[in-house]
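Only the coordinates and a few stated rules stand behind these numbers; no lab work does. Nothing here was measured: the structure is a model prediction, and the numbers come from that model. Here the Cβ positions follow ideal geometry from the backbone for every residue, glycine too, while neighbour counts run over all protein chains shown.
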Amino acid sequence: MEARAIQRTVRQSARKMRLVIDLIRGRGVAEADAILRFSKKRAARQIHKVLKSAVANAQQAAQRQNAPFDADRLRVKYAVVNEGATLKRFTAAAMGRATPILKRTSHVEIHVASDAVPAPAAKTAPPTATNAEPKAAPKRKAAAGKKKTAKKTQKKTKTKKASE
């Protein structure tokens, strides 16, 4: 069972809200609820509302489908905070100027999904000795031959220099 909840135009900057949303991403709903309830950040209250709404939406979807519902098995599958519209205001400044004030907003989106019970893995046969270890590549004989010829040419040059 998967459900989502979105709250748009929350009057707080997305940067501040992302600090809180990162704490709950991927956690169980009960654990995320506890984290948000005891957090000192102002953003935690808004995110907590969205999380409760997502859980309620999952419960409603389960009732519509006549499926069993267990809120303890839900996890925060996807949690993101995006920037919303910025409210632009101006205030008076020195020498008759005006300076802008940007009142930022954000959009919070949370998806919750029930934990999937992992299917038992199919047993595979243990690897055999022939398949387990790949054979080593044979040594190249040509490279060894080149080294010997290089040594011979060095000896020849030394003897020519000595005779001159």
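Listed from fewest to most Cβ neighbours within 10 Å, the set T91, T105 follows the order T91, T105.
Applying 0.36 nm per residue to the separation of K49 and D70 and subtracting their alpha-carbon distance, the gain on full extension is 5.6 nm. Compared with the direct C-alpha span, the chain from A85 to K16 gains 23.3 nm at full extension, assuming 0.36 nm per residue.
How would you rank D72, D33, D115, going from fewest to most other Cβ atoms within 10 Å of each one's own Cβ? Placing the least packed residue first, the sequence is D72, D115, D33. Taking other Cβ atoms within 10 Å as a rough exposure proxy, K52, K103 sort from fewest to most as K103, K52.
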